[in-house]
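Some notes on the structure that comes next.
Derivation of every value follows stated rules applied to the coordinates shown; laboratory data play no part. From a predicted model like this one, the values you see are computed outputs, not experimental measurements. A quick note on method: Cβ atoms are made from the backbone with ideal geometry, for glycine too, and the neighbour counts reach across all protein chains shown.
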Amino acid sequence: MDNKKLIAITGASSGIGAATAKAFSAAGYPLLLMARRIELMEAMNLPNAICKEVDVLDLEGMKSAISEAEDAHGKVDCMINNAGVMINGKPQSQNPEDWQKMLDVNIRGVLNGIHLVLKDMVERQSGTIINMGSIAGIKTFPDHTVYCGTKFAVHAITENIREEVSGSNVRLINIAPGMVYTELLDHGCEEEARKGWMDYAEQIGGALKPDSIAESVLFSYQMPQEVCVREIVICPTGQEP
């Protein structure tokens with residue numbers, strides 16, 4: 001393994017998380033993969049990968065998974081907080097329970113991942129935390145009200161903590177994808193909002209594939225520790241907003 005350090009990824013069962021797991025595995029890193037659907041992670045059959053069925057809202061479950069992986073591969077050198085939920089629709093018709101789900105997973109789930117590794121990274125004066133933001137955390141979009149709110153929060157949290165720990169040689173990085181084909185669209189979006197997303201993707205020649213985002217994550221991590229790629233906004237070339 002050429003002394004490659006441990007990479008932890010949440011939401012690793014599909015989409016960007018699974019693509020990121022494959023990219024880091026191909027580069028030779030040992031992995032801790034965390035998601036609710038363990039069978040999908042295990043089906044990737046990646047070498048030196050510990051797969052754990054854990055929800056990012058389960059702080060103790062995440063802590064236990066990290067501890068087991070660190071016993072096997074050493075300290076987490078990079079935590080990739082990728083798990084997220086996108087439920088788009090009109091604010092006047094959306095179910096407030098869907099708002100709560102996005103607030104919990106997209107914000108508290110990211111904070112849980114940060115909390116479990118940051119103190120140790122600061123103490124040992126090294127480490128990287130990569131948070132999966134969105135272009136919806138930089139500008140607003142129709143039918144994305146609460147999702148935008150959560151991703152604006154991820155952007156602010158990432159930048160604020162980056163400032164606070166930069167003197168400890170710890171990097172925080174925000175990856176902000178534009179339109180990407182993932183399962184997020186199929187998990188509760190109102191049909192009109194989903195159709196609008198798909199129609200626009202077709203107009204611009206297609207959304208990005210998760211592999212492109214994964215390569216951006218790998219690039220930002222593999223820069224020397226003294227180099228912090230603070231943010232990457234990555235969109236289809238034809239995407240206007």
Per the helix-only model, the chain has a calculated mean residue ellipticity at 222 nm (DSSP H runs of ≥4, -39500 (n - 2.57) each, divided over all residues, rounded to the nearest 500) of -13500 deg cm²/dmol
Percent antiparallel among DSSP beta bridges confined to the chain, rounded to 5, stands at 0 percent
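Can you tell me the dipole magnitude for the chain around its Cα centre, using point charges on the Cβ only (Lys, Arg +1; Asp, Glu -1), in Debye to the nearest 20?
About 400 debye.
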Connecting every pair of Cα atoms under 10 Å apart in the chain and solving the GNM, the largest mean-square fluctuation among Gly205, Gly178, Gly11 falls on Gly205
Placing +1 on each Lys and Arg Cβ and -1 on each Asp and Glu Cβ in the chain, then taking the dipole about the Cα centre, the residue among Ala19, Ala153, Tyr221 whose Cα reaches farthest towards the positive end is Tyr221
Nearest 10, in degrees from 0 to 90: the angle of helix 210-222 to the longest Cα principal axis of the chain is 40 degrees
If every Lys and Arg gets +1 and every Asp and Glu gets -1 at its Cβ, then about the Cα centre the range 107-241 yields a dipole, in debye to the nearest 20, of 420 debye
Which of Pro224, Pro47, Pro177 fluctuates most in a GNM of the chain (C-alpha springs under 10 Å)? That residue is Pro224
If one compares the long axis through the Cα atoms of helix 191-203 with the longest principal axis of the Cα atoms of the chain, the angle in degrees, nearest 10, works out at 80 degrees
With Cα coordinates, the longest principal axis of the chain makes an angle with the long axis of helix 145-165, in degrees rounded to 10, of 30 degrees
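Multiply the residue separation of Asp199 and Asn169 by 0.36 nm, subtract the distance between their alpha-carbon atoms, and state the gained length in nm to one decimal.
Once the chain is fully extended between Asp199 and Asn169, it gains 6.4 nm.
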From the cross-link list Lys63/Lys151; Lys75/Lys101; Lys52/Lys75; Lys63/Lys101; Lys4/Lys119; Lys22/Lys90, the entries with a Cα-Cα span beyond 26 Å are Lys75/Lys101; Lys22/Lys90
Taking alpha-carbon centroids only, the range 117-136 lies from the range 7-23 a number of Å equal to 16 Å
Expected max-MSF residue from Thr128, Thr182, Thr20 in the GNM of the chain (alpha carbon, under 10 Å) is Thr182
Output row, site Lys63, 7 Å Cα→C-beta label point, backbone N cut-off 20 Å, window the range 110-146, residues 110-124
